[in-house]
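The values are calculated or read from the model by the stated rules, or taken from the named source; none is laboratory data. The structure presented is a predicted model; accordingly, all values stated were derived computationally and were not measured. Please note: Cβ atoms are built from the backbone with ideal geometry, for glycine as well, and neighbour counts cover all protein chains shown.
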Amino acid sequence: MNNEILYVLLQDYAAHEIVYLSQAIASDEFALKESPKYINKVVAPTLDPVRSIGGFRTLPDYSFETMPDDYAALVLIGGFGWSTPVAEKVAPVVSQAIEKGKIVGAICNGASFMAKHGFLNDVKHTGNGVEQLKFLGGDNYTNTEGYIHAQAVSDRNIVTANGSAPLEFAKELLLLLKNDTPERIEMYFQFYKQGFCNLFAD
């Protein structure tokens, strides 16, 4: 299995949704990992820089045309680009990933995109509310009973989350990827969830 984690970024992507996952992949609590289990890579429509909502520009590693067929996980990072025509090029990539049993993550509007294309119809899932999934998913979204009102949900190699849950999203993906022991992943989660001062009181 290829060890690359592919983050799909469209124009006006939500940078905060990528931070906890990518950081845990690349580093531990002390420094950058010398031999990380996985490698973070960015996929965008072209190799031109892609802009975040906050105005930061990221240089992709791959375009839709040059991305590899094999990888460890495909992660759809939310933002405003998922309602644009170029997003439709991601649908066959997700379909192939699911068919191959790859780990697929989708947060915020990335989860809504998954609903729009019927990718959530056979799994438990969440997103930015069931009403948004119904509205944006239209007739292709037929699994309202599978919706769980939770920050993040993991089911059958598919992880979904709402836009306020980048930390919960990261935790579920890190567990699926077995990036570390469950205990250490929980420690990472609690450190950022509770904060330094709560965990290490005077």
Residues of region 72-90 that turn out to be over 18 Å from Arg51 (Cα atoms) and either in contact with a helix residue (DSSP H, G or I) (Cβ under 8 Å, 6 or more places away or on another chain) or β-branched (Val, Ile, Thr) (or both), as a count
3
Yes/no for Thr46 being over 25 Å from Ile158 (Cα atoms), under 17 Å from the mean Cα position of the chain (by Cα), modelled with pLDDT of 95 or more and of a type in the set (Val, Ile, Thr):
no
Yes or no: Leu32 without any contact (Cβ under 8 Å) to a residue 40 or more places away in the chain and surrounded by 12 or more Cβ atoms within 10 Å (Cβ to Cβ)?
no
Please work out which one of (1) without any contact (Cβ under 8 Å) to a residue 40 or more places away in the chain; (2) out of contact with any Leu (no Cβ under 7 Å at 6 or more places or on another chain); (3) more than 22 Å from Asp12 (Cα to Cα); (4) aliphatic (A, V, I, L, M) is the condition Leu177 fails and give its number.
(1)
Please specify each residue of region 91-111 satisfying the condition of being buried (at least 24 other Cβ atoms within 10 Å of the Cβ) and at negative phi.
Val104, Gly105, Ala106, Ile107, Asn109, Gly110, Ala111
Looking only at region 153-170, filter to residues that are in contact (Cβ under 8 Å) with a residue 40 or more places away in the chain and either part of a strand (DSSP E or B) or touching a Phe, Trp or Tyr at 6+ places or on another chain (Cβ under 7 Å) (or both); which one of those is farthest from Val19 (Cα to Cα)?
Ile158
Working carefully through the options Tyr20, Tyr7, Tyr71, Tyr38, find the one that is hydroxyl-bearing (Ser, Thr, Tyr), in contact (Cβ under 8 Å) with a residue 60 or more places away in the chain and in contact with a Phe, Trp or Tyr (Cβ under 7 Å, 6 or more places away or on another chain).
Tyr20
With respect to Met67, is the statement that it is at pLDDT below 95 and farther than 20 Å from Leu167 by Cα true?
no
